[in-house]
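Heads up, the thing below is written out as structure tokens.
The values are calculated or read from the model by the stated rules, or taken from the named source; none is laboratory data. Being a predicted model, the structure only gives us computed values, none of them experimental. Note: ideal-geometry Cβ built from the backbone for every residue, glycine included; neighbour counts use all protein chains shown. Remember, those area values only see protein heavy atoms, side chains included, never the ligands or the DNA or RNA. Shrake-Rupley method; radii C 1.70, N 1.55, O 1.52, S 1.80 Å.
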Amino acid sequence: SLVDVEISASPIILKKNNLHGSLLSFKDITQRKENENLNSVLYNISKAANSNITLQELYNIIYKELNKVIDATNFHIALQDREKNKVTFAYFVDQKDQLDKEANGFDVSDTLASYNIKYGKSLLVNYQQILEFANKGYIKISKIGTLTKQTSWLGVPLKIGNQIIGSMAVANYFNPAIY
């Protein structure tokens, strides 16, 4: 497989400045390139968040940038409305499910996003764990949308200061170990 490398070369000189060959050194810099890419993504998101654009434009940039470092094919941003005790999808992209614009709000106690919001911690779950959450009454399967035995869901709380305002999540239906 291909990897990013850093190459150093030094001449090998024997008697009387006669070039005999070169000494080459190869260093795998894959991790460094991944870190540089991640820093670039975080910078671009931060720059967009602090610019004069609409929220929809910001969400599009976040989606585009996240796809550079993680599979965000299925991505959503859920925001909490504390007054109505609802969670609404401010941004929703999914290859299997469509968001019904008419039924945009739903009870916060029923979904993985709302679980993520309620406990304020990052959450990574697979199909079996999602079923366990449902069996324990933490979520309702009917509110989850499409599930496959290969499903993986990763969500993080969105915060302003110490207040949780929502959740941002990615999902994959085909590779349970992707995240």
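Among the conditions (1) part of a helix (DSSP H, G or I); (2) at pLDDT 95 or above; (3) surrounded by 12 or more Cβ atoms within 10 Å (Cβ to Cβ), N37 misses just one, which is (2).
All conditions but one from (1) open to solvent by 50 Å² or more (accessible area, probe 1.4 Å); (2) farther than 30 Å from N50 by Cβ; (3) of a type in the set (F, W, Y) apply to Y119; the one that does not is (2).
Here are some residues: K15, K64. Which one is without any contact (Cβ under 8 Å) to a residue 12 or more places away in the chain and closer than 25 Å to I178 by Cα? Steps first, please.
Working: K15 fails: closer than 25 Å to I178 by Cα.
Every option except K64 fails the conditions.
Of all residues in region 139-153, those satisfying the criterion of being closer than 20 Å to H76 by Cα and part of a loop (DSSP other than H, G, I, E, B) are I139, K140, I144, G145, T146, L147, T148, Q150, T151.
Filtered by the rule that a residue be touching a Phe, Trp or Tyr at 6+ places or on another chain (Cβ under 7 Å) and farther than 24 Å from D71 by Cβ, region 125-164 gives a lone residue, Y138.
Count of region 40-70 residues, restricted to those that are open to solvent by less than 40 Å² (accessible area, probe 1.4 Å) and either part of a loop (DSSP other than H, G, I, E, B) or hydrophobic (A, V, I, L, M, F, W, C) (or both), is 6.
Looking only at residues in region 158-168 that are touching a residue at least 24 places away in the same chain (Cβ under 8 Å), surrounded by fewer than 20 Cβ atoms within 10 Å (Cβ to Cβ) and not basic (K, R), the one that is nearest to T73 (Cα to Cα) is L158.
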